[in-house]
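The values are calculated or read from the model by the stated rules, or taken from the named source; none is laboratory data. Predicted model, so just to flag it, every value in this text is computed and none were measured. Here the Cβ positions follow ideal geometry from the backbone for every residue, glycine too, while neighbour counts run over all protein chains shown. Areas reflect the complete protein model, heavy atoms only, side chains present, ligands, DNA and RNA absent. Shrake-Rupley method; radii C 1.70, N 1.55, O 1.52, S 1.80 Å.
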Amino acid sequence: MFYREAGDFKTSYRADSQTFPIRFDRYRYYVVLAIAFLVVPFIINDYWANAILLPFLIYAIAAIGLNILVGYCGQLSLGTGGFMAMGAYACYKFMTAFPDLSMFINVILAGVVTAIVGMLFGLPSLRIKGFYLAVATLAAQFFLVWLFNRVPWFYNYSASGQINAPQRTMFGVEITGPLAPAWATYLFCLVFLTLSALIARNLTRGSVGRKWMAIRDMDIAAEIIGVNPLRAKLSAFAVSSFFVGISGALFFALYLGAVEVGEAFNIQKSFLILFMVIIGGLGSVFGSFAGAAFMVLLPVALKVVGVDLLGWPTDTVAHFQLVIVGALIIIFLIAEPHGLAQLWRLAKEKLRLWPFPY
Amino acid sequence: MTKKLTTLALGVMLAAGPAMADLVFPSLSYRTGPYAAGGIQFADGYADYLTLLNERDGGIGGEKIRMPECETAYNTEKGVECYESTKGEGALVYQPLSTGIAYQLIPKMNVDKIPMLTSGLGRTSSKNGDVFPYVFNFPANYWDGASVIVKHILDQEGGDLNGKKIALVHHNSAYGKEPIRTLEALSEKHGFDLTTIPVDHPGQEQKSQWLQVRRERPDYVILYGWGVMTPVAVQEAANIRFPMDKMIGIWWSGSENDVLSAGAAADGYKAVAFHNVGSDFPIYDDLKEYVYDAGKAAGNGDQHGTTIYSRGLYAAMLVAEAARTAQEMHDTKAINAQQMRDGMEALEITEERMTELGMPKFGPEFKVTCRNHGGEGYAAVTQWDAKAKQWTLITDFIQSDQDIVQPLIEEDSAAYAAENNIPSHCD
């Protein structure tokens, strides 16, 4: 009934190889986009924007970035928090050094700077892999956080060592600073997420993505069939860091507004995003969305149920939250190691056979 | 079944729909995470005082108090979520007890027109009410703390610090870095050498830092620690046999939790405080009668009388008095956040009033004005007695060196005003 190719004839290669070849799926995608762009901005309020949607959008970009590296190219990285910090501080420096530069360009530039730094830290991946690479990227995490704490130039010599996003406008509307309306910050992040997802999806479907996956599946075999490991791995690091840098810049400038590197971008952030990628599904753009939504929404949902509905003490709920999130992660990894994306795939398969499953 | 569901839905709506007439004092507390040891005490004290007002006096001026609590775990992201979820309930004042969250909220307060009180924490230059109309940090701030500590050291050394070495062991965050600028100015004035030794969050591992202390042999150590960092620092200091009476903590490093684990070795450790300590105050009789014995104590009810519990009581007392002032000023019982702000700006804490409240000599006297949101900067030094297991005040309330602190506040707040195009509030 749903998700059927029946009657959906393709007459060109182009039509056949589009992202959503099934008509129902494609329309669903357009509907989601339309709701996100045309409906949500009109009904959004401060709470929904700052507590749920902004973190979801921003973490989704970070998860897409990390998914490219870990899920598609198979290079385990624990440096995501550090790369997000790089994006945030690069964005801050561009914002303060060139006050007239458009915020859109600031964020892109922050992504470019992070991509370069990411490539530098990706160099060890040419020699080491697996857990050893994870340790090498862990060095990036600690080094970058240390650097931004240690060198006052990065935080413009402020007394507290914090960076604060100055007010910036776009088309006459504030998008950073306290005056920014919820819909503007939401739309700004949504544009970045949409572009990131489109780029990521098309990169991973093309020759670049195939090379990454070849490296992931067996690097020696990939090399023999003509994939240059140097270029494949470093391009994965660059693209991944680019997205992570963008998410860091948005995280700082639009979501939090004031950031302290040791608190906002510590090792837990790296793990959080790695969990998002693993729970969402390695090697899937949809998985990045699902993982980010899961990790952002679950704590809020548990809090609403525990504190607001049941009236439990806040500390009990906070402890339960740790237990439940932890248990769910373990259950997921045992029951569905391929993550939420695989559940979604299975659901689609089932829907195609419905109502006559076999 | 339908009926059940309807009742359930109705119950949910009743539970979720706040009674708007109450005075809402949200408590952004942290009872979990590496900073919970202090967070629990503060949250309990804050809640117990407000419960006492509700039970004994029927609220403030006859208006009941409601305190929605929200767990932040000292994390800025959760702090934002908590702020956004409570501000719509008619919140009158925020006290986040976290410098990171305070920094986050300072710009938002101006837009949402809700006041915030950051006693002894937050952005020090927010003392300048001309630039920060919605932020208050009476009765003392980080720079006052640093200056009072140096004054105490001067006292100990007979007024001369030339050539002495002082090390600042601090939490490597906005909180721990705040005093550096003041201490640098003070070191120039008094001629002591300053070494800063940062400890990264959360601070469970400080071997290398204390090795550095051991190598550099400072005459005094100033400690700006919070959460698990402080007891570790006290223990490490004891391990290298650093004389405890030459180690002085800021008020966030001076609670029972910080010294109990080091046992007898912590004897003589000092910390400054901007309020009195111990449970020897008449208010505890009322607390016992109306709150503890009635089974309405917050949390586990095992923190009564501890230093940071006292700070929670004190913080609640300050905002309750401000609310009372606001009620008188605007001649209405159900004040809103704007009126609350006016009340805070007109707040005057006198010795008579504190005695009336059952808290004689609990804190310094001060008066808030439009240009001075931070009080007069008085703090006292407390010392830990490991045998009796209690903190005692060993000095009077000392005023900080205003010649040093005030120009720094002017400079920093002027820079903030210029950066963010903030017009003068007082003129």
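Within the stretch A:183-219, the set of residues being in contact with a Cys (Cβ under 8 Å, 6 or more places away or on another chain) and open to solvent by 80 Å² or more (accessible area, probe 1.4 Å) comprises just one member, A:Arg216.
Applying a threshold of 8 Å to beta carbon distances and a minimum spacing of six or more residues, or different chains, the list of pairs starting in the stretch B:181-200 at a residue that is facing chain A (nearest Cβ under 10 Å) and ending at one that is in a strand (DSSP E or B) and among the small types (Gly, Ala, Ser) is empty.
Restricting attention to the stretch A:19-59 and to residues that are open to solvent by less than 60 Å² (accessible area, probe 1.4 Å) and not in a helix (DSSP H, G or I), the residue that is farthest from the other protein chains (Cβ to nearest Cβ) turns out to be A:Pro21.
Of all residues in the stretch B:285-308, those being open to solvent by less than 40 Å² (accessible area, probe 1.4 Å) and free of Cβ contacts under 8 Å to residues at least 60 places away in the same chain number 1. Among the conditions (1) open to solvent by 50 Å² or more (accessible area, probe 1.4 Å); (2) within 14 Å of chain A (Cβ to nearest Cβ); (3) assigned to a loop (DSSP other than H, G, I, E, B), the only one that B:Ile422 does not satisfy is (1).
Give the residues of the stretch A:80-115 that are touching a residue at least 24 places away in the same chain (Cβ under 8 Å) and not in a helix (DSSP H, G or I), sorted by residue number. Residues satisfying the conditions are A:Pro99, A:Ser102. Among the residues here, A:Phe242 does not qualify as closer than 24 Å to A:Ala140 by Cβ, crowded, with 24+ Cβ neighbours inside 10 Å and touching a strand residue (DSSP E or B) at 6+ places or on another chain (Cβ under 9 Å). One residue alone among A:Gly311, A:Gly283 is surrounded by 20 or more Cβ atoms within 10 Å (Cβ to Cβ) and of a type in the set (Gly, Ala, Ser), and that residue is A:Gly283. Of all residues in the stretch A:273-285, at least one satisfies being more than 10 Å from chain B (Cβ to nearest Cβ), under 30 Å from A:Pro152 (Cβ atoms) and at pLDDT 85 or above. As for the stretch A:13-35, it holds no residue that is within 28 Å of A:Phe356 (Cα to Cα) and over 29 Å from the mean Cα position of the chain (by Cα). Given the residues B:Asp403, B:Asp396, which is the only one that is loosely packed, with under 14 Cβ neighbours inside 10 Å and assigned to a loop (DSSP other than H, G, I, E, B)? Of B:Asp403, B:Asp396, the one residue that is loosely packed, with under 14 Cβ neighbours inside 10 Å and assigned to a loop (DSSP other than H, G, I, E, B) is B:Asp396.
Looking at (1) within 11 Å of another protein chain (Cβ to nearest Cβ); (2) more than 30 Å from B:Leu92 (Cα to Cα); (3) touching a His at 6+ places or on another chain (Cβ under 7 Å); (4) not aliphatic (A, V, I, L, M), find the lone condition where B:Gly176 falls short. With (1) within 11 Å of another protein chain (Cβ to nearest Cβ); (2) more than 30 Å from B:Leu92 (Cα to Cα); (3) touching a His at 6+ places or on another chain (Cβ under 7 Å); (4) not aliphatic (A, V, I, L, M) applied to B:Gly176, the lone miss is (2).
Taken across the stretch A:145-161, residues that are under 21 Å from the mean Cα position of the chain (by Cα), within 20 Å of A:Gly245 (Cα to Cα) and either open to solvent by 20 Å² or more (accessible area, probe 1.4 Å) or of a type outside the set (Asp, Glu) (or both) do occur, with at least one present. A:Leu302 meets the stated requirement of being open to solvent by less than 80 Å² (accessible area, probe 1.4 Å), outside any loop (DSSP other than H, G, I, E, B) and either touching a strand residue (DSSP E or B) at 6+ places or on another chain (Cβ under 6 Å) or over 30 Å from A:Ile22 (Cβ atoms) (or both). Residues in the stretch B:84-105 that are facing chain A (nearest Cβ under 8 Å) and in a helix (DSSP H, G or I) were compared, and the one that is farthest from A:Asp46 (Cα to Cα) is B:Thr99. Within the stretch A:247-268, the only residue that satisfies the criterion of being more than 9 Å from chain B (Cβ to nearest Cβ), under 21 Å from A:Phe188 (Cβ atoms) and open to solvent by 10 Å² or more (accessible area, probe 1.4 Å) is A:Leu254.
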